[in-house]
1. Toward the positive end of the charge dipole of the chain, about the Cα centre and with charges on Cβ (Lys, Arg +1; Asp, Glu -1), which of SER151, GLY385, PRO79 goes farthest?
2. Dipole of the chain, Cα-centred, from +1 at each Lys and Arg C-beta and -1 at each Asp and Glu C-beta, to the nearest 20 debye?
3. Find how much the distance from PHE179 to ALA80 grows on full extension, using 0.36 nm per residue of separation minus their present alpha carbon separation; answer in nm with one decimal.
4. Quick check: residue separation of ALA249 and ALA106 times 0.36 nm, minus the Cα distance between them. What number comes out in nm?
5. Could you run the Karplus curve 6.51 cos²θ - 1.76 cosθ + 1.60 with θ = phi - 60° over the range 343-358 and give me ³J(HN,Hα) per residue in whole Hz, x for Gly and Pro?
6. For LEU400, LEU192, what's the fewest-to-most ordering of other Cβ within 10 Å of each Cβ?
7. Out of residues 5 or more away from VAL251 or on other chains, whose amide H comes under 5 Å of its own, with H placed 1.01 Å from N in the peptide plane?
8. When the Kirkwood radius is taken over all Cα pairs of the range 8-108, what Stokes-Einstein diffusion coefficient follows at 4 °C and 1.567 mPa s, in µm²/s?
Amino acid sequence: MRASRKPVCEDPMDPAFTMICTADFAGLLRGKGVPSADFDRRVAGGIGWTPTNVQITCFDSIAASPYGALGDLVLRPDPATRAAVPLPGGAKVAFALGDISHLDGAPWECCTRGVLKAAVDRLREETGLELRASFEHEFMLRAGAPTPAFSLMGFADHAGLAEDIAAALAAAGIHPDSFLREYGPNQFELTLPPAPAVEAADRAAQLRAIVRMVARARGETATFTPLLAPDLVGNGVHIHFSLWDRAGAPVSYDPAHPHGLSAAAGAFAAGVLAHAPALVALTAPSAISALRLTPHRWSAAFTNLGRQDREACVRICPLTAREPAGRARQYNLEFRAADAAAAPHLALAALIHAGLAGLRAGLPSPVPTEEDLAALSPDALAARGLGRLPATLDDALAALAADATLRSSLPEGAADIYIDHKRGELAHVAPMAAAERFAAYAAVY
């Protein structure tokens, strides 16, 4: 857990206002600003929020809403998430993440942070386990001279950006595990160390906002869009995860298993794969996301487990530790069918519920694939219990609508509201030509 912080009013260097934010269905931070001197009062009392705001799409259109103009909610900040982030040029932006509740204090069904907290609680109550996670982000700069992939030159050319991002992240209590010049044009990767699920999702939401703000303050444009163009490398947000018991011991690793999977981790992975077609409606949920989830893009295209395979839907990550305890702590799986159009809290909640379904059913560990699945026929794939991920967001939403297990694991009504949200987004981009659609997502994310 994060350390407690001093009252905001004790820091004379704080910005005048702090924005209290929710990480919404579109994967963006929205909220209201309050005087920083009043922040501690708002921790208890919150600020007013409107239910229909959940249906504001990433393009600021409003999808069909069951709420209309009716209803009131309360958005209460979590003080452990507050950060006053320094930006290039000397400005500071203060913001915090919060939870949305009904006026009586009951959690609201469409609060993504609340949905994740409920998933964490259910996993703990039913199995005694917790999930630790890390989001591995890729983003691109929209302009600049090209540099060689993974090169020192590419790193050095953007050293100033890296330093400014590091300073801003540190102010939010976020310390990257790595930062590198990736393969795509002006593409970079930021990885974070693992954390308990809610904190991991909080960090993901904060990181995306901070990188965009820092780049803009420098006169640059950073985008986490899934694809800038159909022929380019895409930007993924791979979700690494592992299981731990109540005593804080890792339980994903079994040295006796040919691939190191414990029975619990194997069942969890099997549940994720069984529900993967519906999951991608929540983890790769833009109109262009499915174009990245195709064979030979180093993303994910099939419902398979792979060992050190960067085209697997779920990948068994390599181990470098030598001693058994170190290997057990390092062992993790990576869900690769995700991008930054996803709300991180909602994506991780869905992943937990799918994995929990596998644990409940006692599913056997999947057998890792070791070949190019694109070369197999649909019948050959089906004979091995494998299939393609949905080819469009429409198909993914239909899979979510038909997945009774995943739908029922979410608060009542949340799945239907989310599906309407995404259909509203699809309606917004439907008239656009392909190039206009790619540009629209690049501008938003």
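Readers should treat all values here as calculations from the given coordinates under stated rules, not as data from a laboratory. Fair warning: this is a prediction, and the values are worked out from it, not measured in the lab. Positions of Cβ are backbone-derived with ideal geometry, glycine not excepted, and every protein chain shown enters the neighbour counts.
1. Farthest along the dipole direction, towards plus: PRO79.
2. Values: 39 positive and 47 negative charges, 93 e Å.
Here the size comes out at about 440 debye.
3. 33.1 nm
4. On the way: separation 143, 0.36 × 143 = 51.48 nm, distance 3.26 nm.
Extending this stretch completely gives an extra 48.2 nm.
5. Calculated HN-Hα couplings, in order: 6, x, 5, 5, 4, 6, 4, 5, 4, 5, 5, 5, x, 5, 4, x Hz.
6. Working: LEU400 26, LEU192 21.
Ascending number of Cβ neighbours within 10 Å: LEU192, LEU400.
7. For VAL251, whose amide H was placed from the backbone, the distant partners under 5 Å are LEU243, TRP244, ASP245.
8. On the way: Rh = 14.4 Å.
Estimated diffusion coefficient is 90 µm²/s.
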